[in-house]
Amino acid sequence: DTQVLDPLLRIVRVNCDGASLSNLTAVFAWLDFAAVFILFVYLVRFRFYDIPKQIEDDDLQQVSVSDFSVLIEKLPARIPNQRDYERLLTEHLESRMRAVQNAHGDKKNPQVCEVTLVRDFKGRLDALQEQARLTQQIEVQKAYHNERKLAKLTNKKAKLDQKIEMQLPAEEELPVLRAFVILNRVADVDSLLYDYRLAKFSLFRCCQSRRKRFCGHGIRVIGAPQPTEVLWENQDVPWWSRLLRQICMLLTFVVLLVISLICIYVITVVGKSQAGNQLSYIGSELCDPVVPETTGNATQYICYVNVAANWTKQYAVGEGGDILNCWCESMGYAALVEDPSLFETCSSWLLELGKSMGIMTAASTVVVVINLVLQWVFIAMAKFERSLSNNELNYSMMQKIFLAQTLNLGFVLFTVNTYGPRVLRDFLAVIPGVGNMLMRGPFSDINRGWYVVVGATILTNLLLNMFMVPGLNVVGVILSKFMRCCCRGRVKHHSELVQYYTNPEFDLKTKYAQLLTTVCVTLIYSSGLPLLYLIGFGYMALMYWADKITLLWYSKRPPHYDAVLAKNAAEAMLYAVALHCIFAVVMFGQPCVFPSQSLGGDLGSLIEKNAGQASSALGSFWPRLTQESTWMFVAFFAVLLAFWVIWWLQWAFAGTFGAVLQAMWALCCASHKKQDEDVMEAVKTGAEDLDGTLQSLGSKAQKFDVAEMLSWEEAKALIEKNGQTSSYHWWEHPDQIELAHHMKGNIGVVPQGDGALRA
């Protein structure tokens, strides 16, 4: 019988028992829906409850420099007595804190402990850092007596010296951009923020009272970041320069992304052409790929496995070529393994199949390598934007890497093999060069052949990604250990030893980007490819151990990170859940692979009564939305879409009318934060048993900030005991310590008694 059985009548047999596949599809769909719904609930809790709660708990329980610090912006660049800028700013801030605290009954004397002025070096600070690095390299080459490299570095430094034009005035006379100020108590910080609560609005800052102005200029006071977050080399870059750099890098990012997409597209197409045609047909429009178009007199053999299954072995061997290959494919892999004679007969077909699999695996490897190269390029691009803080820089890097890798890994292959609607194909044909290749793949639907060609390649891509990404971390650790063991006895300068024994940075932004890529691609295709869940689990398990080893033993102390990366990662996963719903409808609604019954009962009747306009608008796609295996995903996606609209409306409202409401609240309803003296006294009395004391205080101690009971000197000793930076001075920044002694002659006077420089 050469006729194909109706796909909707297929059964699944286990021993002597069987069940209709159309009944089991709904079970598979509900299991998939339950999994993604549980993930959605967890992500919502993680993003909107766990992260804010963890931020609040860490802020209350940990003592950090930012607890005692504020950032002063909109300062006058120059004042009549420029050399006394720091003293005058200190006196002004102390007078404002004293006025607020006296008005609220606090008689303690406020004190400014440290003022770090950010000076305008006309964008030369980064160049001065490069100059310091060159100076260090010249000293190294002198130790080796390498005249060739020494001359090259000397010439390079001479050109940089001319570019910098070292006729800079003394540091005390340079214009001031902003200031980091450390105060003596948390109460002082609260007083200053309360006094300048309206200064974040431009209108109120223009109308700022004379008492609050500094040298006639309205200033803004906000909470300061941690010292390790500050990128000192970018602090003197003007805002318009950063904006132009961001626009330039955005355009460059789009260009590089398009180039990478085209490269991967071409590599995939070439790989398919070299691998040969592995498509088969069973005579059903629902199950078969698109029949290839014939050009001229060229014809392509189409293998109908339902017909080939009725051929005899003698006939297939006698015909040979495509006939024999088609017959071998109709026999199935299990029969070939069990029957040695069949295996020998189909050896040529198996060799061709192995060749095609090898070619597609090589193409997948190239895709992973291109993603790694793009990762390094985008990191360099993000640094060119000159962000003011590490968190801004890391967020920019994470976004670029995640977007590029997700498109390259999950969507290019899908687009290559998709046969789009005629309108879309005609529209894309106008693109020169590649227009005639877009949306002209063999699959107009996610049918049985799609899983063999596209699904298998996606699994291969993620499988390679699962081993290559953690493997590179391990290789980096091994290489670092090898370099230390082999080169430590050959070095002639201490800076080389410092370089070999200084662990690299733990690259958190790329970890987030790679994790998001794996999670998003897994969620998008996992409805029809549940093996992706196992690969995703394997990736996370391998990355966990690789990152644990790297972070604890082979990475330098990371800077302070805020929750921006975690928040944005959680939000990106929420969007991936919505994409999962769309692809679940497409996959579970495919009647050949996942046959399913139409939705019945009261809900089915209700849909039939009100489906007139929707059915006519969606055409042939409407039945997929109303099946037993898809309706829950449609409803869930509608709920997600509604929440998404509300989310963006809230964002738009917060950016317009929300600012007005915030200003009104700050003007009329804001109150000065006052410490609970009972709690403070109880904590000081029971300092030896702090946990027991806080527990005995009950609800009063739930919002108790440990930093409130310390002065800055006590907090500073605690911070330095934990090995953290306790100052905003640029020469105490972990990234500047090694080069500070080279730079101090070019950027004013650095205190000689500073411990960081004595080393």
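Annotations for the structure displayed:
- Fraction of the pair-distance distribution of segment 15-68 above 16 Å, Cα-Cα pairs, percent: 66 percent
- Solvent exposure of segment 418-459 amounts to 50 Å² per residue of accessible area, where only protein heavy atoms count and the probe is 1.4 Å.
- Calculated FRET efficiency for the pair residue 711/residue 213, C-beta based, R₀ 25 Å, to 0.05: 0.30
- R0 of 41 Å, Cβ-Cβ distance residue 206-residue 579: FRET efficiency to nearest 0.05: 0.35
- Distance between segment 300-321 and segment 129-157 - C-alpha centres, whole angstrom: 73 Å
- Label-reachable residues, segment 536-563, where backbone N falls under 13 Å from a point 7 Å from residue 51's Cα toward its Cβ: 562-563
- The simple spin-label model puts a point 7 Å past each Cα toward its Cβ; for residue 668 and residue 84 those points are separated by 4.4 nm.
- Amide H within-cut-off set for residue 388, under 5 Å, with H built and near neighbours excluded: none
- Interchain or long-range residues, amide H under 5 Å from residue 304's placed H: 281
- Each Lys or Arg adds one and each Asp or Glu subtracts one; over the other residues with Cβ under 12 Å from the Cβ of residue 181, this totals -3.
- If R0 is 45 Å, the Cβ-Cβ spacing of residue 644 and residue 23 corresponds to a FRET efficiency of close to 0.85.
- Modelled spin labels at residue 586 and residue 61, positioned 7 Å past Cα toward Cβ, are 4.5 nm from each other.
- Global form of segment 423-481, assessed from the alpha-carbon gyration tensor, a/c cut-off 1.5: oblate
- Overall form of segment 80-213 per C-alpha gyration tensor (a/c, 1.5; a/b vs b/c): prolate
- Portion, in percent, of the accessible area of segment 42-136 that falls on carbon or sulfur, probe 1.4 Å: 46 percent
- Measuring nothing but protein heavy atoms, the accessible surface of segment 392-457 at 1.4 Å probe radius is 68 percent carbon and sulfur.
- Backbone amide hydrogens, once placed in the peptide plane, bring residue 114 within less than 5 Å of 182, excluding anything fewer than 5 places away on its chain.
- Charge context of residue 123, other residues only, Cβ under 10 angstrom, K/R +1, D/E -1: -1
- Derived scalar couplings ³J(HN,Hα) [segment 715-723; Karplus, 6.51 cos²θ - 1.76 cosθ + 1.60; whole Hz; x for Gly, Pro]: 5, 4, 4, 5, 5, 5, 5, 7, x
- For segment 84-198, the solvent-accessible area works out to 49 Å² per residue, with a probe of 1.4 Å and every protein chain left in place.
- Under the simplified labelling scheme, the residue 173-residue 242 pair shows an inter-label distance of 2.9 nm, with each label point 7 Å from Cα along Cα→Cβ.
- Length-normalised contact order for segment 365-487 - Cα pairs under 8 Å, 6+ apart - percent: 24 percent
- The local environment of residue 721, defined by Cβ-Cβ distances under 15 Å, has a net charge of -1 under the rule Lys, Arg +1 and Asp, Glu -1.
- Backbone phi angles across segment 217-226, fed through the Karplus curve with coefficients 6.51, -1.76 and 1.60 (θ = phi - 60°), yield HN-Hα couplings of 10, x, 10, 10, 10, 9, x, 8, x, 5 Hz in residue order; Gly and Pro are listed as x.
- Over segment 452-601, equivalent-ellipsoid semi-axes from the Cα gyration tensor in Å: 43, 18, 9
- Carbon plus sulfur fraction of accessible area for segment 466-591, probe 1.4 Å, in percent: 71 percent
- Gyration tensor verdict on segment 455-503 (Cα atoms; rounded if a/c is under 1.5, prolate if a/b is larger than b/c, oblate otherwise): prolate
- For segment 209-249, accessible area per residue (1.4 Å probe, heavy atoms of protein chains only), Å²: 51 Å²
The values are calculated or read from the model by the stated rules, or taken from the named source; none is laboratory data. Quick caveat, the model's predicted, so the values are computed rather than measured. All Cβ positions, glycine included, derive from the backbone under ideal geometry; neighbour counts span all protein chains shown. Just so you know, the surface numbers come from the protein's heavy atoms only, side chains and all, with ligands and any DNA or RNA stripped out. Shrake-Rupley method; radii C 1.70, N 1.55, O 1.52, S 1.80 Å.
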